[in-house]
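Undergrad: Here it is, the structure in full.
Readers should treat all values here as calculations from the given coordinates under stated rules, not as data from a laboratory. Keep in mind that what you see is a predicted model, and the values were worked out from it rather than measured. Quick reminder, even Gly has a Cβ in these numbers, built from the backbone with ideal geometry, and neighbours come from all protein chains shown.
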């Protein structure tokens, strides 16, 4: 089973994870794209350059709009009841579905948000494990606020459930950003050089600039 996580390290929340989630969806078949409708409507993701908005590839994507973490858990709890399972489930801005105050009140615990995230990721893990017994299904989560929250505990929760982590960082030119696989680790405290993908936003299109070398400390 594969679960992927894509986080944004921009100073301010950006829509780049949403752009890349949509790009991933367009390269897959039978995809469920989970998002908050109001948030997605206010900041719709940019299409990749060369993609026609009327293209048939968008028929591969089924939008599922949810309001909070409970809606996500209900979806995965009923996964075994679906006649046709998706090849991929993409969750846009996963962390935003967990409201601190509501989670604390629901679980009567100051760490209610952590508890809700763990419960949701566990249900997601079980659902995807079930799906992979019948075929192949992957999960990709994005979060645009990982640099703002309680980083050690927050990242520990994700790492417990997710095998592969990608980060999005600002590029050297305004409007550009770098996508890299943080699953690579340098050895013996040396700096490792990995391949990363560079993108930019131009005229409201997502443009792939090429593969660049990036350092992992």
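Undergrad: Quick check: residue separation of residue 82 and residue 159 times 0.36 nm, minus the Cα distance between them. What number comes out in nm?
TA: In short, 24.9 nm is gained.
Undergrad: How much FRET efficiency would the formula 1/(1 + (r/R0)^6) give for residue 111 and residue 59, where r is the Cβ-Cβ distance and R0 is 41 Å, rounded to 0.05?
TA: Efficiency, rounded to the nearest 0.05: 0.45.
Undergrad: Mind checking the full-extension length gain between residue 30 and residue 102? Use 0.36 nm per residue of separation minus the Cα-Cα distance, one decimal, nm.
TA: Roughly 22.6 nm would be gained on extension.
Undergrad: Between residue 71 and residue 118, what is 0.36 nm times their sequence separation minus the Cα-Cα distance? Round to one decimal in nm.
TA: 15.4 nm
Undergrad: Also: Take residue 170 and residue 207, extend 7 Å from each Cα along the Cα→Cβ direction, and tell me the distance between the two endpoints in nm.
TA: The answer from the label model is 2.0 nm.
Undergrad: Would you kindly give the portion of the calculated P(r) for region 83-127 that falls above 12 Å, as a percent of all Cα pairs?
TA: When every Cα pair of region 83-127 is considered, 66 percent fall beyond 12 Å.
Undergrad: Something else about it: Within 10 Å of each residue's Cβ, count the other Cβ atoms and sort 173, 57 from fewest upward.
TA: With the sparsest Cβ surroundings first, the list reads 173, 57.
Undergrad: To make sure I understand, if each residue's beta carbon is the centre and we count other beta carbons within 10 Å, what order do 137, 6, 108 fall in, fewest to most?
TA: If I rank by nearby Cβ atoms, fewest first, I get 108, 137, 6.
Undergrad: What shape does region 14-129 take by its C-alpha gyration tensor, where a ≥ b ≥ c are the square roots of the eigenvalues and a/c under 1.5 counts as rounded, a/b above b/c as prolate, and the rest as oblate?
TA: Oblate, since a/c reaches 1.5 and b/c is not below a/b.
Undergrad: How would you rank 58, 166, 156, going from fewest to most other Cβ atoms within 10 Å of each one's own Cβ?
TA: 156, 58, 166
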